[in-house]
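Asker: My questions will all concern the structure given below.
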Amino acid sequence: MNENLKLEDIVSLAKRRGFVYQGSDVYGGLSGTWDYGPLGVSLKRNIMNLWWSMFVDERDDMYGVDAAILMNQKVWQASGHVDTFTDPLVECSNCKGRFRADKLDNPNKCPGCGKEGTFGEARAFNMMFKTNVGPVADESSISYLRPETAQGIFTNYKNVVDNFYPDLPFGIAQMGKAFRNEISPRDFVFRAREFEQMEIEYFVHPDKWEEAFEHWVAKCKEWFEALGLPASSVHELEVPEDDRAHYSKRTIDFEFDYPIGREELMGLAYRTDFDLRNIERVSKKSMEYQVKGTNEKFVPHVIEPSFGVERALMAVLVSAYREDEQNGEKRIYLALPEHLAPVKYAVSPLLKNKPELVEKAREVYKKLAKQNPGRVMWDDNGNIGKRYRRQDEIGTPYCVVIDFQTLEDDTVTVRERDTTVQKRLQTDELTTKQ
Ligand code: ATP
């Protein structure tokens, strides 16, 4: 990986090539929000679809749900979020800037105005976005934009058990938006106020949590590999007891070497029966699981792998970012794994003012597009060199060029992104190879 890579390099490429824009950019932006452009949508979806196929579709012990973002306020009272989902906030008496106390480089120096000794006592700031549901704004109509997808899984645990009666261990998975009113959103999409999570609650017999935990450590590593993250850039941090959430008996944070430093990519936690017990306490409904054919009953324990989409996407971009020299000129390219690249094939006629080339190129384009829906780009802008540059920067593994020889022998030039090697292939070979 490129050790000199700066966050600005990623942000600038993401913007100029249509991956990620500042949210509400045209109005000066809205801090902590990001919009995905045409290529960002594809990359993000490819990541999320890969996750769903690896962790839901390809397993027979996993159930998917898609819960509402707005939930009954009791969910967040029972889970402890109303009382404890807080970060410590300090305010500078000089510039009135507000900062997250535990993320300051120097706890006595204001990063806003540079003055020292201007912070008062830290206070607990709740990060949930509060709203009211319905036309009457009173205590009973309070709701929150969910700060995690996990609770939408726990609240559906009983529905899934009653409908499907799965054997233990089994998991419920969900992906979708989460919202946190972060005090200091920063570092591109790394710390946003609106982001996406992909979470699994894996329900196990209380005596079997350790083997399930190890299973998920291994699965997380497979996921990093599928994303193309170098193993040497991912680090396991065994979170010490004092830093763990009070209900967690074991937590591993998987950290990644981002250009901003080594930071949390995702977390894996053993949450015991904390959440299901909370639901029992507040809803007065039993969350017990009865082992089939026996009288054995208990509240299952839970292993939770919690993946953040944005942090995965940022790690993918960082891992793929390359610079080299081609014909004496600097080249930037994204060595994205083929299955994640937003565009797999770019198709071009060598010259766009030769109708016979354009027609043949359209034919090849159509065939490829049919086999790779949404992943083939028509590109006839600028000269061929410029097209290659553009496609390299968005990580397109193959550029297919139709030239005069194509009209004679039905072969096309296929140029590979990483090596820049060009090969001639029969059109049929290309369009039947997938
Ligand atoms: P941090 O300590 O960095 O604030 P966290 O420990 O609060 O993160 P969790 O509550 O464990 O994070 O959330 C699970 C995952 O959701 C994180 O590992 C991360 O991938 C993602 N995530 C959490 N907060 C954000 C955010 N503000 N922006 C983008 N992704 C986030």
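The values are calculated or read from the model by the stated rules, or taken from the named source; none is laboratory data. If you're wondering where the values come from, they're calculated on a predicted model, not measured in any experiment. Note: ideal-geometry Cβ built from the backbone for every residue, glycine included; neighbour counts use all protein chains shown. Quick note on the areas: whole protein, heavy atoms, side chains included, nothing else; ligands and nucleic acids left out. Shrake-Rupley method; radii C 1.70, N 1.55, O 1.52, S 1.80 Å.
Asker: List the number of the failed condition for Tyr258; all other conditions in (1) open to solvent by 50 Å² or more (accessible area, probe 1.4 Å); (2) aromatic (Phe, Trp, Tyr); (3) within 12 Å of the ligand (Cβ to nearest atom) hold.
Answerer: (1)
Asker: Moving to a separate point now. If only one of Ala245, Ala226 is at pLDDT below 95, surrounded by fewer than 21 Cβ atoms within 10 Å (Cβ to Cβ) and either within 13 Å of the ligand (Cβ to nearest atom) or small (Gly, Ala, Ser) (or both), which one is it?
Answerer: Of Ala245, Ala226, the one residue that is at pLDDT below 95, surrounded by fewer than 21 Cβ atoms within 10 Å (Cβ to Cβ) and either within 13 Å of the ligand (Cβ to nearest atom) or small (Gly, Ala, Ser) (or both) is Ala245.
Asker: Go through (1) in contact with a helix residue (DSSP H, G or I) (Cβ under 6 Å, 6 or more places away or on another chain); (2) within 16 Å of the ligand (Cβ to nearest atom); (3) without any contact (Cβ under 8 Å) to a residue 24 or more places away in the chain one by one and return the number of the condition Gln174 breaks.
Answerer: (3)
Asker: Which members of the stretch 147-171 meet the condition of being buried (at least 21 other Cβ atoms within 10 Å of the Cβ), of a type outside the set (Ser, Thr, Tyr) and within 11 Å of the ligand (Cβ to nearest atom)?
Answerer: Ala150
Asker: For the stretch 165-186, give me the residue count where each residue is more than 30 Å from Asp35 (Cα to Cα) and not in a loop (DSSP other than H, G, I, E, B).
Answerer: Total meeting the criteria: 2.
Asker: Among the residues of the stretch 389-434 satisfying the criterion of being touching a Ser or Thr at 6+ places or on another chain (Cβ under 7 Å) and open to solvent by 60 Å² or more (accessible area, probe 1.4 Å), which is nearest to Tyr365 (Cα to Cα)?
Answerer: Gln426
Asker: For the stretch 117-153, which residues satisfy the criterion of being modelled with pLDDT of 95 or more and among the aromatic types (Phe, Trp, Tyr)?
Answerer: Within the stretch 117-153, Phe129, Tyr144 meet the criteria.
Asker: Pick from the stretch 304-325 the residues that are of a type in the set (D, E, K, R) and more than 16 Å from the ligand (Cβ to nearest atom): which of them is least open to solvent (accessible area, probe 1.4 Å)?
Answerer: Here the answer is Asp324.
Asker: Could I ask something else about it? Having 2 or more residues that are out of contact with any Lys or Arg (no Cβ under 7 Å at 6 or more places or on another chain), open to solvent by 20 Å² or more (accessible area, probe 1.4 Å) and of a type outside the set (S, T, N, Q) is the bar; report the strands (runs of 3 or more DSSP E) wholly within the stretch 1-72 that clear it.
Answerer: Of the strands (runs of 3 or more DSSP E) lying wholly inside the stretch 1-72, those with at least 2 residues that are out of contact with any Lys or Arg (no Cβ under 7 Å at 6 or more places or on another chain), open to solvent by 20 Å² or more (accessible area, probe 1.4 Å) and of a type outside the set (S, T, N, Q) span 34-36, 62-64.
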